[in-house]
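Encoded as structure tokens, the structure appears first; notes follow it.
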Number of protein chains: 2
Amino acid sequence: MTATGRTPGRRPGGPDTRGEIVRAARESFADKGFAATSIRAVARQAGVDAALVHHYFDSKDELFIEAMALPLDPRQVAAAILNGSREDLGRRIVTVFLGVWESDEGQQRMKAMLRSVVTSDDVARIMREGMTRMILEPVSQFIDLPDAKLRVGLIASHLIGMALTRYVVELEPVASADLDQLVDRIGPAIQQYVSG
Amino acid sequence: MTATGRTPGRRPGGPDTRGEIVRAARESFADKGFAATSIRAVARQAGVDAALVHHYFDSKDELFIEAMALPLDPRQVAAAILNGSREDLGRRIVTVFLGVWESDEGQQRMKAMLRSVVTSDDVARIMREGMTRMILEPVSQFIDLPDAKLRVGLIASHLIGMALTRYVVELEPVASADLDQLVDRIGPAIQQYVSG
């Protein structure tokens with residue numbers, strides 16, 4: 001049940017078995033992508049039994065959340081976005097997204113994540129696959145229009161760009177605008193994408 | 001008229017005087033920001049006469065464009081955006097912005113620029129100041145609404161985010177959407193910001 005030490009630089013198993021599994025998952029996500037990574041393959045790469053991986057992580061999604069050090073569960077983000085009327089979806093998307101960024105811990109981790117996405121093709125690919133599966137697809141289904149995936153991709157692009165200008169580039173007056181002001185302004189632009 | 005060699009690693013002056021000036025400008029923009037950088041200070045730092053800087057560059061804006069290796073002149077971008085009616089401004093902004101990215105040279109240089117902006121606080125600050133002055137402010141004046149600067153900042157955020165998802169992260173179907181499709185979809189979202 002401990003790491004086999006097959007990979008150079010891997011720490012001896014035992015106390016950090018959970019960490020070994022997370023590292024193996026990260027490598028597999030980077031090498032093969034999200035879809036082609038299986039719990040079994042991660043277990044093999046970590047030198048542990050698949051049952052042990054399941055002991056720590058209920059699903060591949062949870063392994064992904066941990067491997068990418070996400071500040072919160074994207075499935076909860078999707079659930080919060082979809083919990084309400086379609087008429088108010090634009091504002092709700094902005095409110096939920098800003099909520100992720102506005103906590104202190106969230107902001108540091110999201111900034112680090114955004115920087116990795118922009119500078120590493122591997123991280124970009126993993127995040128793209130994970131976010132598509134856990135957030136963009138459920139929202140596309142909710143919107144239910146012929147080009148819903150493009151619409152949701154453009155919503156994501158607006159929000160990522162807003163995070164970039166507000167928290168990383170600190171462009172004024174976007175950087176110091178208060179949350180209500182942002183929701184009031186961005187909400188209708190997002191709503192424009194979710195309306196037919 | 002040659003570099004003084006005061007800065008370690010600087011090449012001997014003469015043939016690359018123009019390059020010296022550009023390097024000095026880049027340093028000054030990074031250290032002091034765009035507003036506080038003067039042609040005279042750049043000349044001093046490059047160890048040349050201010051008249052020589054003026055010989056190569058008509059203005060600080062041109063020094064900025066060269067120092068940041070921009071694929072095209074932001075003042076021309078602003079002029080193209082503002083050349084037409086307000087009713088069609090949303091589509092025109094998207095068309096002009098995509099035009100910058102869609103040429104092969106533009107795309108490589110813009111990608112490199114976007115990566116530097118996200119990873120270097122200095123580059124982020126310089127670009128923020130230069131773009132605000134040369135593009136965002138003229139467009140804000142054109143829009144002429146009480147919160148025009150916030151609106152234009154949010155337009156910029158959407159476009160930067162779109163470039164990031166399309167060209168860097170390659171999120172589908174945004175990455176492979178054709179240009180007309182993007183203008184048709186994003187245009188109304190941008191128009192929503194420029195209408196009162």
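Every number in this text was worked out from the coordinates using simple rules, so none of it is lab data. In this text, all values refer to a predicted model and were calculated from it rather than measured experimentally. As a convention, Cβ positions derive from the backbone with ideal geometry for all residues, glycine included, and neighbour counts pool all protein chains shown.
In nm, one decimal, shortest first: how far is the label point of A:A112 (7 Å from Cα along Cα to beta carbon) from the matching points in the other copies?
3.0
Could you let me know the centre-to-centre spacing of segment A:123-196 and segment A:39-106, using Cα atoms, in angstrom?
Going from one Cα centre to the other spans 17 Å.
Which distances in nm, rounded to one decimal and ordered from shortest, link the label point of B:D180 to the equivalent label points in the other identical copies, with labels set 7 Å from Cα toward Cβ?
For B:D180, the other copies' label points sit at 4.5 nm, shortest first.
Taking only Cα atoms and a 10 Å spring cutoff, compute GNM fluctuations for chain A and point out the largest among A:P173, A:P74, A:P138.
For chain A, modelled as a Gaussian network with Cα springs under 10 Å, the answer is A:P173.
Give the share of C-alpha pairs in each 5 angstrom bin for segment A:17-67, from 0 to the last occupied bin, in whole percents, shortest bins first.
Whole-percent P(r) values from 0 Å outward: 4, 27, 42, 23, 4.
Please report the equivalent ellipsoid semi-axes of segment B:74-194, computed as sqrt(5 x eigenvalue) of the Cα gyration tensor, largest first, in whole Å.
Here the semi-axes work out to 21, 19, 13 Å.
Let me have the 222 nm mean residue ellipticity of chain A computed from DSSP H runs of 4+ only, each contributing -39500 (n - 2.57), with the sum over all residues rounded to the nearest 500. Walk me through the numbers before you get to the answer.
Working: 11 runs with 128 residues, N = 196.
Result for chain A, helices only: -20000 deg cm²/dmol.
Indicate the helices, whole DSSP H runs only, in chain B that combine a mean Kyte-Doolittle hydropathy of 0.0 or more with a Cα extent along their long axis of 20 angstrom or more.
Details: long enough: B:17-32 (22 Å, -0.81); B:104-119 (23 Å, -0.69); B:148-163 (22 Å, 1.17); B:179-194 (21 Å, 0.09).
Qualifying helices: B:148-163, B:179-194.
Label position 7 Å from Cα toward Cβ: report the copy-to-copy distances for B:D58 in nm, one decimal, ordered from shortest.
Once sorted, the set of distances for B:D58 reads 6.4 nm.
Subtract the Cα-Cα distance of B:D49 and B:Q108 from 0.36 nm times their separation in residues, and report this length gain in nm to one decimal.
Stretched fully, the B:D49-B:Q108 segment lengthens by 17.8 nm.
Residues of segment A:58-96 with amide nitrogen under 16 Å from the 7 Å Cα-to-Cβ point of A:S38?
It comes to A:59-61, nothing else.
List the extent of the Cα atoms of the protein assembly as shown along each of their three principal axes, largest first, rounded to whole Å.
Principal axes ranked by extent give 75, 53, 36 Å for the Cα atoms.
In the neighborhood of A:I190, defined by Cβ-to-Cβ distances under 13 Å, what is the net charge if each Lys or Arg adds +1 and each Asp or Glu adds -1?
So the surrounding residues net to +3.
So which GluC sites (Glu not before Pro) in segment A:46-98 pass both tests, a DSSP loop state and at most 14 other Cβ atoms within 10 Å of the Cβ? Each step should come with its number before you reach the end.
Working: sites: A:E62, A:E66, A:E87; in loops: A:E87.
Passing both the DSSP loop test and the Cβ count: A:E87.
If Lys and Arg each add +1 and Asp and Glu each add -1, what is the summed charge of the other residues whose beta carbon sits under 10 Å from the beta carbon of B:P74?
Working: positive: B:R75, B:R133; negative: B:D61, B:D73.
Local net charge: 0.
Taking every residue in B:74-85, how many Cβ atoms of other protein chains lie within 10 Å of its Cβ, on average?
Shielding by partners across B:74-85 averages 0.
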